[in-house]
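Asker: Sharing a structure, written as structure tokens. Questions coming.
Read-outs throughout are calculated quantities, based only on the coordinates presented, and are distinct from any laboratory measurement. Keep in mind that what you see is a predicted model, and the values were worked out from it rather than measured. Cβ coordinates were reconstructed from backbone atoms using ideal geometry, including for glycine residues, and neighbour counts include every protein chain displayed.
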Amino acid sequence: MLAYITRRILLTIPTVFFVTLIIFVVIRLVPGSIIEKMVAEFSGGYGVAHPNVASIKHELGLDVPIYIQYWRWLGNLVLHGNLGNSLWTGTPVINEIKQRWPVTFELGILAFLVTQIIALPIGIYSALRQDTWGDYLARSFAIICIAVPSFWLGRLVIVYPSIWWGYSPPVMYIPFNVNPIGNLKMFIIPAIVLGMSGTGTNMRLMRTMMLEVLRQDYIRTAWSKGLKERVVVMRHALKNALIPVVTMIGYQLPVLVGGAVIIENIFSLPGMGRLLTDATTDRDYPLVTAVVLIISLVLVFINLLTDVSYGFLDPRIHYN
């Protein structure tokens, strides 16, 4: 397994390289440039040309072709571990990321936990009680979770409770180490909204896989031995049924990270998603590239964990 993990890690190097190259080029193709925004601010927004445009470009390192800018950035990253400085504030990009990543991490973890806590038990129950009223209700709930867009539901959660009951989720960020209860109250609603689509998908997949596994011969043998339902499900059926579900979870984790961009803006959470949105709006090229690089590394790591987990769920799987 160690050789397999080493090969996978080595394969991430060209993947991350191409990701940074693509985002480095694409963000500069977005209409409008940081120079135009700076000139507009310096001139009071009236479009008056600033006399030092060339010096601004030179100071920001934007007066050279894009491929030279990229090799400079890549060289600083590889040789010095430097992600660059913000073009607006001049502060190191890594400092901005250090302040924001705990918010996105907490939101993603809570959304993941909420998704699995709801989806897996209900999916198992729905399979064991196939074609009963409980099964019908669970399947209907799963379809609703899949069909309702998270951004629309997030808006409803903010607007209607404030109209009906005078309640709205807190908008001022509360650090966990300052007030754990207040922090969880702030994050639990966005986490539920973010994880709804994954909840419905995992619920339906868990039900399908459990039904397939429960029809296998070794499960019939376990029933014939007089084993209790809990033992048959937990010891014999669940691990094999979980393999496709784990694959789906691996695909959903990037969606949670991407969905956090929208949810963080709706609920005013100062995380990586909101930082990426603000940096894109401001055309802060080093900040956008650094955020996308960090997210890409996290997603590659998640995919590696997903593949490795198969061997623990099914001992028949070997890594060559």
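Asker: When the Kirkwood radius is taken over all Cα pairs of the range 97-273, what Stokes-Einstein diffusion coefficient follows at 37 °C and 0.692 mPa s, in µm²/s?
Answerer: In µm²/s, the coefficient is 185.
Asker: Chymotrypsin sites (Phe, Trp or Tyr not before Pro) within the range 149-226: which are DSSP loop residues with at most 15 other Cβ atoms inside 10 Å?
Answerer: Loop-located and lightly packed - 165, 167, 173, 176.
Asker: Okay, moving on. Give, as a single signed number, the net charge of other residues whose beta carbon lies under 9 Å from the beta carbon of residue 35, with Lys and Arg counted +1 and Asp and Glu -1.
Answerer: +2
Asker: Now a separate question. Roughly speaking, what is the centre-to-centre gap between the range 93-131 and the range 272-298 when only Cα atoms are used, to the nearest Å?
Answerer: If you average the Cα positions of each part, the centres end up 23 Å apart.
Asker: Amide H of residue 85: which non-local residues (sequence gap of 5 or more, or other chain) have their own amide H closer than 5 Å, using H built in the peptide plane?
Answerer: Correct list: 93.
Asker: Under 17 Å from the Cα of residue 57, which lysines turn up, not counting those fewer than eight places away in the same chain?
Answerer: The qualifying lysines are 37.
Asker: Excluding residue 279 itself, calculate the net charge of residues whose Cβ lies under 11 Å from the Cβ of residue 279, where each Lys or Arg counts +1 and each Asp or Glu counts -1. List each step's numbers first, then the result.
Answerer: On the way: positive: 100, 274, 283; negative: 96, 278, 282, 284.
Charge balance near residue 279 sits at -1.
Asker: Could you please report the charge total around residue 140, scoring K, R as +1 and D, E as -1 over all other residues with beta-carbon less than 15 angstrom from its beta-carbon?
Answerer: Surrounding charge for residue 140 is +2.
Asker: Could I ask something else about it? Let me know the Rg and Dmax you get for the chain when you use only its Cα atoms, in Å.
Answerer: 24.4, 87
Asker: Okay, next question. Can you put 96, 229 in order of Cβ neighbours within 10 angstrom, beginning with the fewest?
Answerer: By the 10 Å Cβ count, ascending: 229, 96.
Asker: Another question, then. What is the helix-to-structure angle for 133-147, meaning the angle in degrees between its Cα long axis and the longest Cα principal axis of the chain, kept from 0 to 90 and rounded to the nearest 10?
Answerer: For helix 133-147, the angle is close to 10 degrees.
Asker: Next question. First check a/c for the range 176-276, with a ≥ b ≥ c the square roots of the eigenvalues of its C-alpha gyration tensor; if it is under 1.5, answer rounded, and if not, answer prolate when a/b is larger than b/c or oblate otherwise.
Answerer: prolate
Asker: Once phi is turned into ³J(HN,Hα) by the Karplus curve 6.51 cos²θ - 1.76 cosθ + 1.60 with θ = phi - 60°, what whole-Hz value does each residue of the range 266-282 show in order, with x for glycine and proline?
Answerer: Per residue, the Karplus-derived 3J(HN,Hα) values read 5, 9, 6, 8, x, x, 5, x, 5, 4, 5, 5, 5, 5, 5, 4, 7 Hz.
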